[in-house]
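Novice: Got a structure for you, written out below as structure tokens; questions coming shortly.
Just so you know, all these numbers are worked out from the coordinates, no wet-lab data involved. Everything numeric in this text was worked out from a predicted model, so none of it was measured. So basically every Cβ, Gly included, is an ideal-geometry build from the backbone, and we count neighbours across all protein chains shown.
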Amino acid sequence: MQKYTNSQIVEVSEDDSEYVSVPTVKQTAIKLAKEGRGRGTKIRHLLVEKFGEGNVPSLGTLNGWIKPIPNTNLKKGDKRTKETVGYLDLAYDPKNPLPELQITDEHKSYINRIGLVKKFIFRSDKAVNQLSNREAKHAKRTFLEFQDPYGERVDLIAQWAVVHELSERETYDDFTHDIEEFFTYAPWKKRINQDLYRVAKKNKEIERYVQFRFISPRIEAPTVERITNEYKLFVGMHSHLGLPYFISFISGDRIFHLDRNHPQLMELVESHKEEWKLDCDWRKHVGDRLEGAPVKPIHVGQAKEQSND
């Protein structure tokens, strides 16, 4: 595969960025506890890996934060029942979905495919590679909005990014108006929708573009080489979603959008965008994982996720 060696730093401006809400140490600790990633020492280790030793409090403080969170990893002999645990934080059971989720037959195979994307493409940690009930709930919304349950126009990798963002926002009780505006303008439908979405932002009809932090890698010094080699799968996902910028990335507490008319990227990325869009194919990447292809970690907006590119 062709490699691009342009090490020129991509010029960005604060005008092309917005403040990005990133979960705090406490919020992340609570989420990890809800996901069943462990208790006490284990969660502290995960927090140190993400935030650094100097930013993580003592074990006593951490235990105080997560004490009210039931342990979702109920072991044999535990007298508590699953009903004592928030059902949205439990693993989704495709064979017996909880009645509260109101999963119908038309949803089932789509949610299962979204689960495959999470399991085989972006997660290597067995503790969290299974779809949660919360994610299954939000997959019903993307099923309705995209009307593309097989990922034929908007690939399921890109659809999973939206499911993930909806779930994260709900977990942290964060705003979702940017996602609702994304659904309203539906830029993935046609180029005219994408143009309208772009004009709405330019003329301040909408405050910001949608923030999909899951597909926004952390890059402190973006170069043409890195974007066109390391992050082309992310460019493909942005293209599937019809976003009017090649890629978004996070630096510090800002999320930057590299506009499709960016002078340093327009010719090179535009000429390969469709190729990279075709490479963003959930069937290909799930198949590669099943064949044992390695998973490469990439630091993205909210956590250290996994990419297979």
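Novice: Under a plain spin-label model, where a point goes 7 Å from the Cα along Cα-to-Cβ, how far apart in nm are Glu49 and Gln102?
Specialist: In this crude spin-label approximation the distance works out to 3.8 nm.
Novice: Okay, moving on. For the stretch 98-307, what is the convex hull volume of the alpha-carbon atoms per residue, in Å³?
Specialist: 128 Å³
Novice: If I model a spin label as a point 7 Å beyond the Cα along the Cα-Cβ vector, how far apart are those points for Leu144 and Thr41 in nm?
Specialist: Spacing of the two 7 Å Cα→Cβ label points: 4.7 nm.
Novice: Same structure again: Most exposed first by the Cβ proxy, i.e. fewest other Cβ within 10 Å, how do Leu278, Leu196 rank?
Specialist: Neighbour counts put them in this order, fewest first: Leu278, Leu196.
Novice: Out of residues 5 or more away from Ile247 or on other chains, whose amide H comes under 5 Å of its own, with H placed 1.01 Å from N in the peptide plane?
Specialist: Under 5 Å from the amide H of Ile247 lie the amide H atoms of Leu258, each far enough along the sequence or on another chain.
Novice: Also: Taking the beta-carbon count within 10 Å as an exposure proxy, list Lys95, Lys277, Lys190 from fewest neighbours to most. Mind showing how you got there, number by number?
Specialist: Numbers: Lys95 5, Lys277 18, Lys190 11.
By the 10 Å Cβ count, ascending: Lys95, Lys190, Lys277.
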